[in-house]
Amino acid sequence: MKLQGSRVTIRPMKRADLDAMLQWRPFADPLYQAFDFPRHSRSEQIRWFDWRTKDSSRRLYAIENEEQRVIGSLTLRDIDGRHSARLGITIGADFVSQGYGTEALRLFLDYFFGTMGFAQMILDVAATNLRAVRAYRAVGFREVGRHYRPASHSTFQTLRREPRYRHLRRFFKRQGALYQVLFYDMALTREEWWSLSQDRTGS
């Protein structure tokens with residue numbers, strides 16, 4: 001399997017891709033530091049990769065740009081037959097806000113609903129990640145539910161405390177002595193995707 005778009009290529013992830021992903025620069029903005037590629041040792045990354053690739057409920061893919069650099073990863077997990085799977089997508093800090101993520105999503109959704117034959121793609125995203133929420137909505141995902149998770153990552157503590165992030169405080173609630181952060185549950189069905197695709201092409 002190899003999906004070729006105008007600027008991105010999506011293919012199954014290889015163990016060698018971990019080296020490129022370990023070279024990704026961390027996000028400077030605390031808003032996105034929770035999504036940095038984990039800074040584990042190479043041996044730990046290899047164990048993680050081997051474990052994930054043996055899990056039949058998961059699929060791992062690499063995203064390359066025009067220069068054949070690995071700029072992101074795309075994962076499916078919680079695979080339920082051909083009914084649904086849960087999406088995860090990460091773009092390295094040096095490659096965000098350039099349209100790569102949106103192109104990769106659209107390219108993969110055609111494959112997911114067409115060749116793979118799934119009926120629905122689902123995902124969850126932190127409400128504080130405004131950029132990701134906009135991107136998911138732009139390709140057609142709709143909100144189907146909400147839930148809260150412990151705001152334990154240091155990033156969320158920064159978002160609650162720093163004045164420049166005051167517009168995000170509405171996404172937090174206090175539960176006893178701890179804070180929780182809001183997540184959106186989002187979904188896109190095959191029928192919705194084909195309808196949106198026809199609207200884009202005018203056919």
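Which one, Q98, A126, L76, is farthest towards the positive end of the dipole of the chain when Lys and Arg carry +1 and Asp and Glu -1 on their Cβ? Checked the options; the winner is A126. Computed from the Cβ-Cβ distance with R0 of 30 Å, the FRET efficiency linking R77 to D36 stands at 0.95.
Computed from backbone phi, the HN-Hα couplings of the range 44-60 come to 5, 5, 5, 4, 4, 4, 4, 5, 5, 6, 8, 8, 5, 8, 9, 9, 10 Hz, rounded to whole numbers (Karplus: 6.51 cos²θ - 1.76 cosθ + 1.60, θ = phi - 60°; Gly and Pro given as x). Can you give me the C-alpha center-to-center distance between the range 65-126 and the range 134-198, rounded to a whole angstrom? Value for the Cα centre distance between the two parts: 18 Å. Once both labels are positioned 7 Å from their Cα atoms along Cα-to-Cβ, the gap between R190 and E143 label points is 2.9 nm.
Note on R131 and R166: the extension gain reaches 11.0 nm, defined as 0.36 nm multiplied by sequence separation minus the Cα-Cα distance.
For the range 64-76, 3J(HN,Hα) computed residue by residue from phi via the Karplus equation (6.51, -1.76, 1.60; θ = phi - 60°) reads 10, 9, 4, 8, 6, 8, 6, 10, x, 9, 9, 10, 10 Hz, glycine and proline entered as x.
Using Cβ point charges alone (K and R +1, D and E -1), the dipole size of the chain about the Cα centre works out to roughly 680 debye. Quick one: Debye curve from the alpha-carbon atoms of the chain only, equal weights, vacuum; give me log10 I(q)/I(0) at q = 0.09, 0.10, 0.13 Å⁻¹ to two decimals. At q = 0.09, 0.10, 0.13 Å⁻¹ the computed log10 ratios are -0.37, -0.46, -0.79. For K14, the aspartates and glutamates whose Cα falls under 14 Å of its own Cα, not counting residues fewer than eight places away in the same chain, are D50, E64. Classified by the C-alpha gyration tensor, the range 110-203 has a prolate form. Its axis ratio a/c, with a ≥ b ≥ c, is 1.5 or above, and a/b is larger than b/c. Computed from phi, the 3J(HN,Hα) profile of the range 159-167 under the Karplus parametrisation 6.51, -1.76, 1.60 (θ = phi - 60°) reads 4, 6, 9, 7, x, 5, 10, 4, 5 Hz, with x in place of Gly and Pro.
Quick note: the coordinates plus some simple rules give every number you see, no bench work behind them. Source: prediction; values computed, not measured. Note that we place each Cβ from the backbone using ideal geometry, even for glycine, and neighbour counts take in every protein chain shown.
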